[in-house]
Amino acid sequence: MKPETTLTPDEILAKLEYFCAYQERCPQEVRRKLTELGAHGEVAEQIYSVLENDAFFDEARFAEAYTGGKFRVNQWGRVRIRLELRRRDIAPDIIRQALDSIGEEEYLIVLQNLIAKKREKWPAPNDYAAKAKTAAALIRVGYEPELVFRYL
């Protein structure tokens, strides 16, 4: 069994700087990593403040990057993105701003493209079961039910 080594505050700071520089991080992830690295109390708060003041992480920047990535790469809808940002304790105003960065026209085009892809797999043009499965799949990835049913 490997003996447990304790890191100095400078070593923890260096590891967290790398952690934050690698990809956008939310405050919750930074706090969790501080705990994992063994920083507690005043030392953890000092390191957190240094990282925040040096802009290694920013809640709004994280929310914007997360929203853009999940929408454009994973093609998630606003509902799922909002839930995931809430789970990461992002402030409601910041979530709203991040979701507003998704253009309405682009959002509807992606939704319509997803519906078209699913429709290609339907055995018949008006197959009720296929429509239901398509609607369920799109709602599951976070599209608003009223939009899904309007365009379906």
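Only the coordinates and a few stated rules stand behind these numbers; no lab work does. All figures in this text were calculated on a predicted structure; none of them were measured in a lab. Don't worry about glycine lacking a Cβ; one is built from the backbone with ideal geometry, like all the others, and counts go over all protein chains shown.
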Given axes a ≥ b ≥ c from the Cα gyration tensor, I'd like to know whether region 59-102 is rounded (a/c under 1.5), prolate (a/b larger than b/c) or oblate.
prolate
Would you work out which of 109, 39, 99 lies farthest towards the positive end of the dipole of region 36-143, given +1 charges on the beta-carbon of Lys and Arg and -1 on that of Asp and Glu, about the Cα centre?
109
Calculating Cα Rg over 2.2 N^0.38 Å from this structure picks out, from (i) 1.14; (ii) 0.99; (iii) 1.41, entry (iii)
Listed with the fewest Cβ neighbours within 10 Å leading, 8, 67 appear as 8, 67
To the nearest 500 deg cm²/dmol, what mean residue ellipticity at 222 nm is calculated for the chain from DSSP H runs of n ≥ 4 alone, each contributing -39,500 (n - 2.57), summed and divided by the residues?
-21500 deg cm²/dmol
Classified through the alpha carbon gyration tensor (a ≥ b ≥ c as square roots of its eigenvalues; rounded if a/c is under 1.5, else prolate when a/b is larger than b/c, else oblate), region 9-57 comes out rounded
For the chain, longest principal axis from Cα atoms; helix 128-140 axis from its Cα atoms; angle between them, nearest 10 degrees, is 20
For region 103-152, what class follows from the C-alpha gyration tensor (a ≥ b ≥ c being the square roots of its eigenvalues): rounded when a/c is under 1.5, otherwise prolate if a/b is larger than b/c, else oblate?
prolate
Against the longest principal axis of the chain, how steep is helix 104-119, in degrees 0 to 90 to the nearest 10, with axes from Cα atoms?
60
Cleavage-rule hits, GluC sites (Glu not before Pro), region 1-59, DSSP coil, Cβ neighbours within 10 Å at most 11
4
What does the charge dipole of the chain about its Cα centre add up to, to the nearest 20 debye, if the Cβ of each Lys and Arg holds +1 and the Cβ of each Asp and Glu holds -1?
1240
